[in-house]
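Report on the structure given below.
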Amino acid sequence: MKRFSILIAALCLCLTGCGKQTTEATAQIFAMDTVMEVAAYGPKAEKAVQETEGQIKALENQLSRTKADSDVSRVNHNGTTPTTGLTYGTRALLPAALEYRDATNGAFDITIAPVMDAWGFTGDQFRVPEQSELNELLKHVNSDEIQVQEEPSYSVTLGEGQAIDLGGIAKGYTSDLVEQTFRANGIESGKISLGGNVFVLGGKPDGSDWRVGIKDPRNESGLAAILPLRDAYAITSGGYERYFEENGKTYHHIIDPTTGYPADSGLLSVTVVADANGPDQEWDQPGNGTMCDAFSTALFVMGEKQALDFWRNGGYDFDLVLVTEDGRVVITAGLADRFEEVKDSGYTYETVS
Ligand code: ADP
Ligand code: MG
């Protein structure tokens, strides 16, 4: 199946608030099973958007679990580095994935792959596995067993029976590289939304903040909150993004590695917000986009209390918006003076420190 297609690409001239002529380029891209929207403003906007499309396609080819010749598929097939070696994305992401596994005490773990397969989330053959089947598979979920060696040559070796799934961080990493692409093209105002993963560079062309909507998990067309942001990542994980129903029960795609079941922690969504990486980031290195993506998945698994404890620990610099099953939107202190409530959303809003 062709997973990548460019639906719309537009280029136009527009006038900014200060009267300067700015070029705008926008595109809608379907990749990584996600509708992505990119917009860039500046003299090299068109080039930036074209390079962004190329970048996304390249990363999908490296990181996909469904493409047989991706790096990830080859590693899973061989249990080790393929003879063709690994491409920059996979090489850079693996150490980050292991770091975030340790940081979250295993709530984020890329060796969840066989469990994802058992539920049918890798393809679309959904089923509810037996607990005994899950218990067998869970024996292999532990990315501490993965060996990554960077010198003298890069190699990775999986533990017995293991496979990896980078779906929990691939889009965040992609947004990190989009920041690089924007900056390399002198873009001062830009936005990319990869499903629930948003990166904004600068403010809007008129100088105001970008307004990033946090989807209402209970209402497909509604918002639960709005975040005015500039130079920031805002990355959301929610059970409503991908799921199936069987016998009146809903099963979603974020798995608790301790049970093998879809996480059931009382949260409907977790949004992790952090600063842009800035101009000094090395071009292929994971940054805050990757971090936000890993933590959005992990904190969804942890639930409200553990997630807030993790935030309070202060090991990493980010803020949170949690949407809870009992109808609250919980916002951490760094966003307290900027988030906007959505009238009639039915949620109550609380800030925590
Ligand atoms: P989305 O893909 O909707 O943006 P996430 O970032 O939360 O959402 O990623 C969900 C994906 O992460 C799943 O489809 C699967 O590939 C992977 N995944 C699921 N559970 C875990 C987990 N506990 N640790 C690491 N990756 C996971
Ligand atoms: Mg994630």
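A few comments on the model shown:
- Candidate set: region 289-307, residues that are more than 10 Å from Ile235 (Cα to Cα) and open to solvent by 10 Å² or more (accessible area, probe 1.4 Å); chosen: the one nearest to ligand 1 (Cβ to nearest atom): Val301
- Single condition Gly346 does not satisfy, out of (1) touching a helix residue (DSSP H, G or I) at 6+ places or on another chain (Cβ under 7 Å); (2) on the phi > 0 side of the Ramachandran plot: (1)
- Which listed residue, of Thr80, Thr52, is within 30 Å of Pro205 (Cβ to Cβ) and either surrounded by fewer than 20 Cβ atoms within 10 Å (Cβ to Cβ) or in contact with a helix residue (DSSP H, G or I) (Cβ under 6 Å, 6 or more places away or on another chain) (or both): Thr52
- At least 3 residues being under 19 Å from Val342 (Cβ atoms) is the threshold, and among the strands (runs of 3 or more DSSP E) wholly inside region 193-264 those reaching it are 210-215, 223-229, 232-238.
- Which listed residue is within 16 Å of ligand 1 (Cβ to nearest atom), farther than 17 Å from Asp275 by Cα and among the hydroxyl-bearing types (Ser, Thr, Tyr), from Tyr173, Tyr233, Tyr154, Tyr240: Tyr240
- Residue selection: Gly287 fails the criterion of being more than 18 Å from the chain's Cα centre (by Cα) and not polar (S, T, N, Q).
- Flag for Thr52 being part of a loop (DSSP other than H, G, I, E, B) and of a type in the set (S, T, N, Q): no
- Qualifying positions in region 21-40 - farther than 23 Å from Asn61 by Cα, at pLDDT 95 or above and open to solvent by 30 Å² or more (accessible area, probe 1.4 Å): Glu24
- Count of residues meeting criterion [open to solvent by 50 Å² or more (accessible area, probe 1.4 Å) and either within 16 Å of ligand 2 (Cβ to nearest atom) or closer than 15 Å to Ile169 by Cα (or both)] in region 62-77: 1
- The number of residues in region 88-115 that are free of Cβ contacts under 8 Å to residues at least 24 places away in the same chain and either within 11 Å of ligand 1 (Cβ to nearest atom) or in a loop (DSSP other than H, G, I, E, B) (or both) comes to 1.
The values are calculated or read from the model by the stated rules, or taken from the named source; none is laboratory data. Just so it is clear, the structure is predicted and the values come from calculations on it, not from any experiment. When we count neighbours, we look across all protein chains shown, and the Cβ atoms used for this are built from the backbone with ideal geometry, even at glycine. These accessible areas exclude ligands, DNA and RNA; they are computed on the full protein's heavy atoms, side chains included. Shrake-Rupley method; radii C 1.70, N 1.55, O 1.52, S 1.80 Å.
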